[in-house]
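The structure appears below as structure tokens.
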Amino acid sequence: MRASIMMSWLLAAGVMALVGCTATAPQNLVQSALADTHLGWQPAPEHQLAFSLATATGIARVTLRPLPQDLQTLTLDLPGMQKVEGVQWVGENGKSAMLYSGVDGNDGVRLERQHHGFRLEISGAALDRVRGGGVLTVIDYYRG
């Protein structure tokens, strides 16, 4: 009985993790690019991708594979970050952009303080810029 309840819970959790993208599982779209960057997948509405990004050094780097065309919002929870100084994207074609520079974000980039860190939302024109894939780097204040 207990094993069947646990198996049902695990199956339900697996289904909830895939809600964000209908065509491709989220795990196939984003991966850690630094050894100390840890990804945690979160349930998200359809056409959205949400995950949390935790790091020990204050620099979190993730590799984005090409994102589905119907994806409308990319949400990153950044637990433990205290003062995000920048969010940079470097595409596989060599193009780069500073999406957030400590004060203002590009059109479609929203950074809001949460209880234990920050939440970064990328949508609209900014999402179109990163949609082709590349490396997204989030830099917290200098901890040295």
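Side notes on the structure shown:
- Summing +1 for each Lys or Arg and -1 for each Asp or Glu among the other residues whose beta-carbon sits under 12 angstrom from that of Glu92 gives +3.
- Simple spin-label estimate for Asp128 and Thr57 in nanometres, 7 Å along Cα-Cβ: 3.4
- Average accessible surface area per residue within the stretch 71-127, 1.4 Å rolling probe, Å²: 53
- The stretch 108-144 and the stretch 34-107 have Cα centres spaced 4 Å apart.
- Using a simple spin-label model with pseudo-atoms 7 Å out from Cα toward Cβ, His115 and Leu34 lie 2.6 nm apart.
- Enclosed volume per residue, in Å³, of the convex hull spanned by Cα atoms of the stretch 40-144: 97
The values are calculated or read from the model by the stated rules, or taken from the named source; none is laboratory data. Only a predicted model underlies this, so the values are computations on that prediction, with no experimental measurement involved. No Cβ is skipped: glycine too gets one built from the backbone with ideal geometry, and neighbour counts run over all protein chains shown. What goes into the accessible areas is simple: the full protein's heavy atoms, side chains included, and nothing from ligands, DNA or RNA. Shrake-Rupley method; radii C 1.70, N 1.55, O 1.52, S 1.80 Å.
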